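Chemist: Below you'll find the structure I mean.
Since every read-out is calculated from the coordinates, none of them should be taken as a lab result. All values derive from a computational prediction rather than experimental measurement. As a convention, Cβ positions derive from the backbone with ideal geometry for all residues, glycine included, and neighbour counts pool all protein chains shown.
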Amino acid sequence: MTAALRAEAVSRAFGGVQALSDCTLTAAAGQITGLIGPNGSGKTTLFNILTGYERADSGEVFLSRARITGAAPHRVFGLGVGRTFQLTRIFPRLTVLENMLVPARPPPRPGRWRPLAGAGSAAQRRRAAELLEFTGIAGHAGALAGTLSYGQRKLLELACVLIADPAVVLLDEPAGGVNPTLITHLAARIRDLNAAGTTFLIVEHNMDFVMGLCDQVTVLNYGTVVAAGPPQEIRADPRVLDAYLGGAGDGSAGG
Amino acid sequence: MTAGAARQRAAPAAGIAVLLAAVAVFPLVFTNATVTNFAVVTLIFVACASAWNLFSGYCGYLSLGHAVFFGTGAYVTGIAARDWQVAGNGVFGLLPLAAAAAAVLAVPLGLIALRVRRHTFVVITIAYFFIAQLAASNLAVTGGSSGLLAPAPGYAAATFNNPFYYVALVLAAGTVALSWAIRRSVLGLHLRAIRDDEDRAAGLGVRVTAAKLTAFAVSGLITGAAGGLWFYFLGQAYPQFAFDPLFDLAVVLMAFFGGLGTVAGPVLGALVLEPAQLYLTLQFTNGYLSEILLGLLLLVVLRFLPRGVLPTAAEQWARAWAARQRAAGRGPAPPDGVPAAGSPPAGGQQAGEVPAGGPPVSGAGS
């Protein structure tokens, strides 16, 4: 089991609050890894450190074998790590198709510098249309992204990340505030992509979603990893029940 | 459909050709020196407002320091003409130098200011402005507070303005064309993505600093050339006029008036506001009156047309068109090219899939 993305002994403090202390997390290549924990346990901070949005006070981040600690967000993305945000972030005043073309980079052609080439080659537009079809929002390609509903924005954000063919995708609460039908749809898309080789690391509060989808689950509490393992083990782990599930495991913790 | 698409492409091209022909013969038809004088200054401001917009309008970083580039262009032209004894048409040949100097200056200024956003960025650009004005007043090379005189162009009085008019026209038309090309390019897309959410853009692989700095330098480049031309046309540069805070307010107002971030908006703004201001200044020798009226106009624009004249007008027109189509019984289809919120959902095309555009998703946010 090789690690696609790995945080090693990462610590981060905000003033007096130790958001992460000595956190080690592995997203194994080709697997779907879940990251759960109560609100404020450090999940999003860890995501930010993995994707270059924040710096760790100590510890390292590895992509496959390469050390990428402290790399800027655009570099991390260029190396094949895409992410979505807990509070969905799209470009509201661009059309849905234009949103898709922002991350679509032309293949580097040495010796040909064309700064004023039009945005989006025919191939990129085709790929964008495919992904909009795949996520189910193709009918809105020409609309301003700001007019999309919340769930559609989540789908657009995912499609936008996928256009660069990332090896690893980090999703921050993909099912948060999304209706059950769409959650099923989203889970199916993630399975499709995973079957095609994409590694996933998913922060999520919806236990059914996490337990049904993930190969491995890591549990954070107060900035430290309290447990890691397959879903059925995590479900039964008394430390996890104690820290997070409140002993009931009713599938609606946090919020 | 193809005929319609061809017509859609041909109509703007024909319109632009007619417009260019009209502005090309303008000084031959209107030979009054006051009119052509207004026209030269207006064209210079078309270039300046478009140049400001292709940075600030596209990426959302409002610069109130573009007068630095304008004044730099003016002084570089003046100093070069003085020291190298350039005169006549040769002074126009110094404009690329003025442009290059302003663009080179924009790189360190941009590298510092573009590290911060929003209000902090605006404040830093204002600081740049005062530093530049103070430098021009105090350095020996700029002639200090007594300013610089331009060499006399030596053109015949009757057609004195015409060479300036055509140089200004080339600069203005070139700037608008460049602004259009940038807006539809990858750079333009990245700038507009930065305007909406810079951190997200960086997370999608956009090299945000490079994109912002490129736009800032290109904007400075054009503004520098415009400043050089303005200097030669007026024949003099003083620190308080070459580095004029009203210059910054004027280009900002022009862009906001016509439509921030659009290609045509700043052009419309310059074409309406600059002649208006020149006319008011001429009519009322008290120069403050025109400034008060322009200030009031800015308030009216921000209150009633916050997105500018062109976007609001386009929206109203689209709405009226849709209403007429409905009245004619042809269904509520919006006109071509207008992205409508109510475009058909994807649901119908995807049997067996979750209809993402359908009712379940629309209710997701509630």
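Chemist: Output the Kirkwood hydrodynamic radius of region A:1-94, Cα pairs only, in Å rounded to one decimal.
Modeler: 14.0
Chemist: Same structure again: For B:F55, B:F30, B:F256, what ranking results if the residue with the fewest other Cβ atoms within 10 Å of its Cβ goes first?
Modeler: B:F30, B:F256, B:F55
Chemist: Normalised by the residues of chain A, what does the relative contact order come to in percent, with Cα pairs under 8 Å and at least six apart?
Modeler: 27
Chemist: Quote the Stokes-Einstein diffusion coefficient, in whole µm² s⁻¹, for region A:116-255, based on the Kirkwood radius over alpha carbon pairs, a temperature of 25 °C and a viscosity of 0.890 mPa s.
Modeler: Estimated via Stokes-Einstein, D reaches 146 µm²/s.
Chemist: Once you've got the GNM for chain B with C-alpha springs shorter than 10 Å, pick whichever of B:V300, B:V252, B:V267 has the biggest mean-square fluctuation.
Modeler: B:V300
Chemist: Tell me the relative contact order for region A:160-215 as a rounded percent, counting alpha carbon contacts under 8 Å between residues six or more apart.
Modeler: It rounds to 49 percent for region A:160-215.
Chemist: Grab the DSSP H runs of chain B that are 4 residues or longer, score each as -39,500 (n - 2.57), total them, divide by all residues and round the 222 nm result to the nearest 500 deg cm²/dmol.
Modeler: -23500 deg cm²/dmol
Chemist: Here's something else I'd like to know. Can you tell me the length gained on complete extension of the stretch A:E130 to A:T24, counting 0.36 nm per residue apart and subtracting the Cα distance?
Modeler: 34.5 nm
Chemist: As an exercise, identify the chymotrypsin sites (Phe, Trp or Tyr not before Pro) in region B:264-301 lying in DSSP coil whose Cβ has no more than 13 other Cβ atoms within 10 Å.
Modeler: In loop regions of region B:264-301 (DSSP not H, G, I, E or B), the sparsely surrounded chymotrypsin sites (Phe, Trp or Tyr not before Pro) are B:F284.
Chemist: If the viscosity is 1.002 mPa s and the temperature 20 °C, what translational diffusion coefficient in µm²/s does Stokes-Einstein give for the protein assembly as shown when Rh comes from Kirkwood over Cα pairs?
Modeler: Value of D from the Cα-based Kirkwood radius: 78 µm²/s.
Chemist: Can you pull the one-decimal nm distance between simple spin-label points at B:I131 and B:Y155, each 7 Å off the Cα toward Cβ?
Modeler: The modelled label-to-label distance comes out at 3.6 nm.
Chemist: Could you work out how far apart the two model spin labels at B:F26 and A:A9 are, taking each label as a point 7 Å from the Cα in the direction of the beta carbon, and quote it in nm?
Modeler: 7.0
Chemist: Suppose we look only past 24 Å in the calculated P(r) of chain A. What percent of the Cα-Cα pairs does that tail hold?
Modeler: Taking all Cα-Cα pairs of chain A, the fraction more than 24 Å apart is 48 percent.
Chemist: Oh, and also: Would you look at the GNM of chain A, springs on alpha carbons closer than 10 Å, and say which of A:F14, A:F62, A:F77 moves the most?
Modeler: A:F14
Chemist: Could you work out the relative contact order of region B:57-109? I mean the mean sequence separation of Cα pairs under 8 Å and 6+ apart, divided by the number of residues, in percent.
Modeler: It comes to 43 percent, rounded to a whole number.
Chemist: Would you mind getting me the FRET efficiency between B:Q236 and B:N89? Use the beta-carbon distance for r and R0 = 22 Å, nearest 0.05.
Modeler: The value I calculate is 0.70.
Chemist: I want to check the label-to-label distance for B:A210 and B:A328. Put each point 7 Å from Cα in the C-beta direction and report it in nm to one decimal.
Modeler: Inter-label distance under the simple model: 4.9 nm.
Chemist: Mean projection of the alpha-carbon convex hull of region B:227-335 over all orientations, in nm²?
Modeler: 9.2
Chemist: Tell me, in nm to one decimal, what length is gained between B:V116 and B:N162 on full extension, where the rule is 0.36 nm per residue of separation less the Cα-Cα distance?
Modeler: Fully extending the segment from B:V116 to B:N162 adds 12.2 nm.
Chemist: What value in Å³ per residue do you get for the convex hull of the alpha-carbon atoms in region B:56-171?
Modeler: 123
Chemist: Taking every DSSP beta bridge with both residues inside chain A, roughly what % is antiparallel (nearest 5)?
Modeler: 55
Chemist: Considering the options A:A228, B:Q236, B:S290, tell which one lies farthest towards the positive end of the dipole of the protein assembly as shown, charges being +1 on Lys and Arg and -1 on Asp and Glu at the Cβ, about the Cα centre.
Modeler: The Cα lying farthest towards the positive end belongs to B:Q236.
Chemist: May I pose another question? I want to verify a result. In a Gaussian network model of chain A, Cα cutoff 10 Å, which of these has the top mean-square fluctuation: A:L101, A:L182, A:L63?
Modeler: Between A:L101, A:L182, A:L63, it is A:L182 that shows the largest mean-square fluctuation.
Chemist: With both bridge residues required to lie in the protein assembly as shown, what share of the DSSP beta bridges run antiparallel, to the nearest 5%?
Modeler: 60
Chemist: Then there's this: Tell me the volume per residue, in Å³, of the convex hull enclosing the alpha carbons of chain B.
Modeler: Per residue, the Cα convex hull of chain B comes to 189 Å³.
Chemist: For region B:140-298, what is one quarter of the convex hull surface built on the Cα atoms, given in nm²?
Modeler: 12.0
Chemist: Still on this structure: Computed over the Cα atoms, what is the radius of gyration of region B:153-194 divided by 2.2 N^0.38 Å, N being its residue count?
Modeler: Taking the Cα Rg and dividing by 2.2 N^0.38 Å, one obtains 1.84.
Chemist: Considering only C-alpha atoms, what is the centroid distance from region A:43-60 to region B:140-211, in Å?
Modeler: Each part's Cα centre sits 40 Å from the other's.
Chemist: May I ask which residue of B:Y155, A:L158, A:L148 lies farthest towards the positive end of the charge dipole of the protein assembly as shown, with charges of +1 (Lys, Arg) and -1 (Asp, Glu) on Cβ and the Cα centre as origin?
Modeler: So the residue furthest toward the plus end is B:Y155.
Chemist: With runs of 4+ DSSP H residues as the only contributors, calculate the mean residue ellipticity of chain A at 222 nm using -39,500 (n - 2.57) per run, divided by the residue total and rounded to the nearest 500.
Modeler: That comes out to -8500 deg cm²/dmol.
Chemist: Follow-up question, since we're still on this one. Could you give P(r) for region B:135-215, binned at 10 Å from zero, as whole percent values over all Cα-Cα pairs?
Modeler: 15, 22, 19, 25, 16, 3
Chemist: Continuing with this model, one more query. When N counts the residues of region B:19-105, how does its alpha-carbon radius of gyration compare numerically with 2.2 N^0.38 Å, as a ratio?
Modeler: 1.30
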